[in-house]
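Here's the structure, in structure tokens; my notes come after.
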Amino acid sequence: MMDSSGRTAVPSIKRLDEAVVNRIAAGEVIQRPASALKELLENSLDAGATSISVVVKEGGLKLIQISDNGHGISYEDLPILCERHTTSKINSYEDLQTITTLGFRGEALASMTFVAHLTVITMTEGQIHGYRVSYKDGAMEGEPRPCAAIKGTQIMVENLFYNVIARKKAFKNPSEEYSRILDVISRYAIQKIGVSFSCKKHGDSRTDIHTDSTSSRTDAIRAVYGPGVARELVSVTASDDDPSHSIFKMDGYISSANYSAKKTTMVLFINDRLVECSSLKKAIEVVYAAILPKASKPFLYISIAMPPEHVDINIHPTKREVSFLNQESLIDSIQKAIEAKLMQSNTTRTFYTQTLLSRSLGVPDEAEESMPVQTQGGRNLKAPVNKLVRTDPSNPAGRMLAFMQKSLAGHVGSGNGLVDTKPVEMPMEDTRKIMDLTKNEEFAAEVQEDQTGAHLQNNKVHKIAQMDASSLAGREALEHNISQANEDSRNELTTTRRLVRQRRNLKERAELTSIQELLATIDQETHSGLEDIVKHCTFIGMADERLCFVQHKTYLYLLDIVKLSKELLYQQVLRRFGHFNVIQLSNAASLYELLVIALDEEEQSGRWHESDGPKDQIAQAQMLQEYFNLSIDESANLCTLPLILDQYTPDMDRLPQFVLNLGNNVDWETEKECFDSVAAAIGEFYAIHPPLFPRPSVTSSEVYQPAKAAEISQVPRRLETDVNSEPVQESVPQSGADEPEVEDEFRLEAENAWAQREWTIQHVLFPAMKLFLKPPHHLANNGAAIQVARLENLYKIFERC
Ligand code: ADP
Ligand code: MG
């Protein structure tokens, strides 16, 4: 600053106007509508409320109204209620050590009056009327006026930041602010299960959150975060009572490996206080990263109790963060407890499809937050995809054994690999066991033989008969790989093997010659050269969406995954004819609606004509059920699909097309053609097609711009079928300002699908192809396998890959 003589003037220090001071301070405590709401909510809880309802207008910027049935505020306290540093909760600094209330600073209400208009209506027990009074800049505007009321307090905060223009402008998107408000209420709602919460937008009759005060913790989680989360929860506890480490008790609910969301939701309470702790969150994410595919995230509810004197709650103006003693040791114990729990619970996987269908049909999905997970097989990743090493041609998964845990020996033959006939839950156990399939060539051949004869067996040995051969083979092969397998598991293995043998000797069921003929044709047409390549190659990686590199001896080949997988699945359908395990659709899918979707798509692409319409031969339901486990109920709903490869479910987005195929392309007249064409239709459906949306890493980011994303979501796509970690946010209409997030989510989703697919190709498709695929001649000639290089000179480079 220069004065008139050109010299630099020393700025003089002035005392700020108190209103300015207060407004600055208010900005710290009330950072956004959700922080105001959090303070108000905590006040209601401190007042012993058992019922709290919230109404919000324009994301809280226009109005936040909270009503509780707590003890109310006495008439005498009203004049100082909104003065700074007035509180009923502590008297001295020392009280902070033993504080049990959420508030203590006496700043929240005061702060709000400096940046908004605040009105209080309150009535205490035993009064015949309540009082209503408004506040501005910390003081009452006029005397409290008597009014009709019920016991408790209602506070209205209007026009937040009306006098802080810059701040107000920062909140361009009310729906985002609203979702933050819902988020705070959701979190408290699952912590305070004795309190009923509700929240809605002003003018709406529908509440966006509603919980009852009697619900259990899991009920509360279900009510708030949806059944998709609730059904996958496992409870976890941990504690420590050694003062040299840490003193705490933790209990919580965490999602199992079946659940995956785009973002981690961690609801953390320390001594009943809603806080954040990024180091704990990271530590837990590390545990999940080992079992969930890349980019999949868990849901966590964790409540920790520790001596109040160990926690410093006064380190953040909004009390969002706390610091506590022995943080590292505590985090370590919790991490271990969660790890142990996940290991225990990680044995089953469930397949759901409901959302896909309701969404695809454009039916508004009321309970967006209750979206079930639409899983694909093989999500049970043990190591990140990019960490997998592949070099050993005799082992389809390269050196995955190095990632296996010793405890695996204990799993061998434990029966977990068995798939019951009608389970909704599919035991997935360790995907690791499938990775050694071809170690024991001899046995592999035996199983293969077994497979071809699978339809001969008698239903009496149901369980074994229902077992997927690949898991059988894997289990058997493990015997040879893990020499330290203990005696027990060895015995079980012997039993398993004996049962397999018995099964082959069982009395044959009347054979269907048509199937025999089709299988014989497969044998006759096998191209031995290509078979040898597939059997003895090493998977290197994907070259593009269809082609993958494999190494066979010193040659490098490109194999067409779509063609090969289609053929493999076609062949497996015939081999396992009549003996499939079941993929149960969580909600039956109406054939009619599927057809409408499929026909719509066809019509859009100009290929469909009225005359092609669905033929009614689909009504061959009984045959489909009996032989292919495609069960259709009386109301023409598809209820189950056959499980053809263990750990693999087809891309449900292709279900409509499949149903249309069954209707249009199956020859129902002659038995052999009929079976052949159904098998082909299943092969087409189950083939490992590229995901319907482009791979983010190779696609210009434009595709994931919101406009495009919206286009993509117009068409029924799996993009929308995954569970959302923050469903409450989803119920908020998306508007322009959310765009970067939409883009991110689509990108994550797409990345996930692509990583998942590559994993499935390597660890499910290849092992199965090595065992079962008999590639026909036409595959050798139509570009399904192309030799691209001789590796004599390149070999070393690939060895290093
Ligand atoms: P603090 O919660 O830190 O004490 P606040 O500014 O949030 O400070 O609230 C000031 C006081 O107002 C509280 O100590 C409490 O006595 C009273 N109060 C605020 N909200 C309520 C409510 N909903 N019911 C009863 N009393 C309330
Ligand atoms: Mg308070």
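The values are calculated or read from the model by the stated rules, or taken from the named source; none is laboratory data. None of the values given here were measured: they were computed from a predicted structure. Cβ: placed from backbone, ideal geometry, glycine included. Neighbour counts: every protein chain shown.
Looking for something under 17 Å from Ser44 (Cβ atoms) and either within 13 Å of ligand 2 (Cβ to nearest atom) or in contact with a Gly (Cβ under 9 Å, 6 or more places away or on another chain) (or both) - is there at least one such residue anywhere in the range 164-171?
Going residue by residue through the range 164-171, those that are under 17 Å from Ser44 (Cβ atoms) are none.
No.
Among the residues of the range 56-110, write down those that are within 11 Å of ligand 1 (Cβ to nearest atom), surrounded by fewer than 20 Cβ atoms within 10 Å (Cβ to Cβ) and in a helix (DSSP H, G or I).
Asp77, Leu78, Ile80
Need at least 1 residues that are within 30 Å of Ala755 (Cβ to Cβ) per element, so show me which strands (runs of 3 or more DSSP E) inside the range 225-302 make the cut, counting only ones lying wholly within it. Let's see the steps before the verdict.
Numbers: elements: 233-242, 246-255, 265-270, 273-275.
Counting at least 1 such residues, we get 233-242, 246-255, 265-270.
Listed here are the residues, each with its yes/no results for (1) at pLDDT 90 or above; (2) on the phi < 0 side of the Ramachandran plot; (3) among the acidic types (Asp, Glu); (4) in contact with a Cys (Cβ under 6 Å, 6 or more places away or on another chain).
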| site | (1), (2), (3), (4) |
| --- | --- |
| Val550 | no, yes, no, yes |
| Ser586 | no, yes, no, no |
| Glu610 | no, yes, yes, no |
| Gln617 | no, yes, no, no |
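Assess whether Lys14 counts as being surrounded by 16 or more Cβ atoms within 10 Å (Cβ to Cβ) and either more than 35 Å from the chain's Cα centre (by Cα) or farther than 19 Å from Ile150 by Cβ (or both). Spell out the reasoning first.
Working: surrounded by 16 or more Cβ atoms within 10 Å (Cβ to Cβ): no; either more than 35 Å from the chain's Cα centre (by Cα) or farther than 19 Å from Ile150 by Cβ (or both): yes.
Spelling it out, it is not the case that Lys14 is surrounded by 16 or more Cβ atoms within 10 Å (Cβ to Cβ) and either more than 35 Å from the chain's Cα centre (by Cα) or farther than 19 Å from Ile150 by Cβ (or both).
Go through the range 6-22 and give me each residue that's part of a helix (DSSP H, G or I) and either away from ligand 1 (no atom under 16 Å from the Cβ) or modelled with pLDDT of 95 or more (or both). Outline the logic, then answer.
Step one: filter the range 6-22 for residues part of a helix (DSSP H, G or I), giving 18-22.
Answer for the range 6-22, where residues must be part of a helix (DSSP H, G or I) and either away from ligand 1 (no atom under 16 Å from the Cβ) or modelled with pLDDT of 95 or more (or both): Glu18, Ala19, Val20, Val21.
Go through the range 44-55 and report how many residues are near ligand 1 (Cβ under 10 Å from one of its atoms) and either of a type in the set (Asp, Glu) or part of a strand (DSSP E or B) (or both). Walk me through how you get there before you give the answer.
Restricting attention to the range 44-55, the residues satisfying the condition of being near ligand 1 (Cβ under 10 Å from one of its atoms) are 44-49, 52.
This time we only want the ones that are either of a type in the set (Asp, Glu) or part of a strand (DSSP E or B) (or both), so: 46, 52.
Here the count works out to 2.
Since Leu41 meets every condition but one in (1) within 21 Å of Ile193 (Cα to Cα); (2) more than 7 Å from ligand 1 (Cβ to nearest atom); (3) surrounded by fewer than 20 Cβ atoms within 10 Å (Cβ to Cβ), which condition does it not meet?
(3)
Exactly one of (1) more than 16 Å from ligand 2 (Cβ to nearest atom); (2) outside any loop (DSSP other than H, G, I, E, B); (3) surrounded by 15 or more Cβ atoms within 10 Å (Cβ to Cβ) is unmet by Gln154. Its number?
(1)
Residue under question is Ile121, and the condition is that it be surrounded by 15 or more Cβ atoms within 10 Å (Cβ to Cβ), in a loop (DSSP other than H, G, I, E, B), in contact (Cβ under 8 Å) with a residue 24 or more places away in the chain and within 12 Å of ligand 1 (Cβ to nearest atom); does it hold?
On the way: surrounded by 15 or more Cβ atoms within 10 Å (Cβ to Cβ): yes; in a loop (DSSP other than H, G, I, E, B): no; in contact (Cβ under 8 Å) with a residue 24 or more places away in the chain: yes; within 12 Å of ligand 1 (Cβ to nearest atom): yes.
No, not satisfied.
Take the conditions surrounded by 24 or more Cβ atoms within 10 Å (Cβ to Cβ), more than 10 Å from ligand 1 (Cβ to nearest atom) and either more than 20 Å from Leu41 (Cα to Cα) or of a type in the set (A, V, I, L, M, F, W, C) (or both) and apply them to Gly130. Does it pass? Show your work before the answer.
Working: surrounded by 24 or more Cβ atoms within 10 Å (Cβ to Cβ): yes; more than 10 Å from ligand 1 (Cβ to nearest atom): yes; either more than 20 Å from Leu41 (Cα to Cα) or of a type in the set (A, V, I, L, M, F, W, C) (or both): yes.
Taking the combined requirement at face value, the residue satisfies it.
Residue by residue, here is whether (1) modelled with pLDDT of 85 or more; (2) farther than 16 Å from Asp651 by Cα holds:
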{"position": "Gly663", "(1), (2)": "no, yes"}
{"position": "Asp676", "(1), (2)": "yes, yes"}
{"position": "Ala681", "(1), (2)": "yes, no"}
{"position": "Ser700", "(1), (2)": "no, yes"}
{"position": "Pro706", "(1), (2)": "no, yes"}
{"position": "Gln729", "(1), (2)": "no, yes"}
{"position": "Glu743", "(1), (2)": "no, yes"}
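Among the residues of the range 193-203, is any under 27 Å from the mean Cα position of the chain (by Cα), buried (at least 21 other Cβ atoms within 10 Å of the Cβ) and assigned to a loop (DSSP other than H, G, I, E, B)?
no
Hey, among the residues in the range 68-119 that are under 20 Å from Ser53 (Cβ atoms) and among the β-branched types (Val, Ile, Thr), which one's farthest from ligand 2 (Cβ to nearest atom)?
Quick first cut of the range 68-119, residues under 20 Å from Ser53 (Cβ atoms) only: 68-73, 102-103, 108-109, 112, 116, 118-119.
Now narrow it down to the ones that are among the β-branched types (Val, Ile, Thr): 73, 119.
Numbers: Ile73: 12, Thr119: 17 Å.
The extreme case among them is Thr119.
Results for (1) in contact with a Cys (Cβ under 7 Å, 6 or more places away or on another chain); (2) at pLDDT below 80; (3) part of a helix (DSSP H, G or I), shown as yes or no for each residue.
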site: His579; (1), (2), (3): no, yes, no
site: Ala598; (1), (2), (3): no, yes, yes
site: Gly606; (1), (2), (3): no, yes, no
site: Thr640; (1), (2), (3): no, no, no
site: Thr649; (1), (2), (3): no, no, no
site: Leu660; (1), (2), (3): no, no, yes
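Test of understanding: among Ile304, Ile284, which residue is within 25 Å of Arg105 (Cβ to Cβ), in contact (Cβ under 8 Å) with a residue 12 or more places away in the chain and crowded, with 20+ Cβ neighbours inside 10 Å?
Working: Ile284 fails: within 25 Å of Arg105 (Cβ to Cβ).
Only one candidate qualifies: Ile304.
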